[in-house]
Amino acid sequence: MTRAESYLLAGYVAGFPWAPPPGPYGIAALPPTVATVSECLTDFLPSGQDLEPWQQQLFEPWHRSLRQAADAARRAPAGQPTVHVLSVSLTAATATRLTAMVQDWIGDPPRPILVNLAQPTAAAPGTIQGFEVLGFEAGKFHSWLCYRLDTPALRELGIRPGNAGLLATADEAQRIADMANNDGGTPEEITWFPVRITEHDIHSAGTVVPGQ
């Protein structure tokens, strides 16, 4: 599960690191900023496409390619915190499960995640930051930190967040996902699974050519 070729690209987001609120957050200390792809915790930049409101729910904030995400990052308003571009990669087994969950929710419109997983490939080169535990529910991705699962993870499994607020290994992320799915404590509609988070350099990503 740790070989680069074992992971398939789901998509990219361009947005801001999450700054946990002041004071203790659960019982496991978090760094000042956390890398996450959950819309529950932070804001992401839209693709710049002219989308109807119903389309925004289906397509945003995900980008199919690094170039598209990098273009969104470059359009960030001045004076805001530094934007980063992150990719989400899954094992083949998890990709199959996620595809089924997304299709059950929306059918087969060309949502970036569905398109990418239907054409399996690896993410663009970047710096692997660690692993996040995501929960899918009605088209939205929660983070394990949304539900403060760092507290039972430390208490029951002895696992705590590491660099960038992420988990060090796929095994740790899988154990927390299993705990969340089996032990309750979160809504039953949420299905939890581990993903690998990679950060990408937007300056080497190139620019989207109109029509491509």
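The values are calculated or read from the model by the stated rules, or taken from the named source; none is laboratory data. As the structure is a computational prediction, the values presented were derived from the model and not from experiment. Counting neighbours? That spans all protein chains shown, and the Cβs are built from the backbone with ideal geometry, glycine included. Surface areas here come from the heavy atoms of the whole protein model, side chains and all, with no ligands, DNA or RNA. Shrake-Rupley method; radii C 1.70, N 1.55, O 1.52, S 1.80 Å.
Values for this structure:
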quantity: Qualifying positions in the stretch 109-129 - in contact with a Ser or Thr (Cβ under 6 Å, 6 or more places away or on another chain) and outside any helix (DSSP H, G or I); calculated: ALA123, GLY126, ILE128
quantity: Among (1) in contact with a Ser or Thr (Cβ under 7 Å, 6 or more places away or on another chain); (2) in contact (Cβ under 8 Å) with a residue 60 or more places away in the chain, the one test that TYR147 misses; calculated: (2)
quantity: Conditions (1) modelled with pLDDT of 90 or more; (2) part of a loop (DSSP other than H, G, I, E, B); number of the one not met by LEU86; calculated: (2)
quantity: Matching residues, the stretch 92-108, being in contact (Cβ under 8 Å) with a residue 60 or more places away in the chain and either in contact with a Ser or Thr (Cβ under 6 Å, 6 or more places away or on another chain) or closer than 18 Å to GLU39 by Cβ (or both); calculated: LEU98, MET101
quantity: The stretch 7-32, residues that are at pLDDT below 90, surrounded by 15 or more Cβ atoms within 10 Å (Cβ to Cβ) and of a type outside the set (A, V, I, L, M); calculated: PRO20, TYR25, GLY26, PRO31
quantity: Filtered residue count, the stretch 102-119, keeping only those that are open to solvent by 40 Å² or more (accessible area, probe 1.4 Å) and either modelled with pLDDT under 90 or touching a Gly at 6+ places or on another chain (Cβ under 7 Å) (or both); calculated: 5
quantity: Pairs, first at negative phi in the stretch 155-169, second in a loop (DSSP other than H, G, I, E, B) and open to solvent by less than 20 Å² (accessible area, probe 1.4 Å), C-beta under 8 Å, six or more apart; calculated: ARG160/ALA28; PRO161/ALA28; PRO161/LEU145; LEU166/ALA35; LEU167/ILE159; LEU167/PRO161
quantity: Breaking point among (1) open to solvent by 10 Å² or more (accessible area, probe 1.4 Å); (2) of a type outside the set (A, V, I, L, M, F, W, C); (3) at negative phi; (4) not in a helix (DSSP H, G or I), for GLU132; calculated: (1)
quantity: Residue check, ARG111 in contact (Cβ under 8 Å) with a residue 12 or more places away in the chain and on the phi > 0 side of the Ramachandran plot; calculated: no
quantity: Counted residues, the stretch 67-80 - those being part of a helix (DSSP H, G or I) and either within 13 Å of ALA10 (Cβ to Cβ) or small (Gly, Ala, Ser) (or both); calculated: 4
quantity: Restricting the stretch 135-166 to residues that are farther than 15 Å from VAL37 by Cα, outside any loop (DSSP other than H, G, I, E, B) and open to solvent by 10 Å² or more (accessible area, probe 1.4 Å), the residue that is modelled with the lowest pLDDT; calculated: ASN163
quantity: Flag if ALA177 is at pLDDT 90 or above, more than 14 Å from TRP18 (Cβ to Cβ) and not acidic (Asp, Glu); calculated: yes
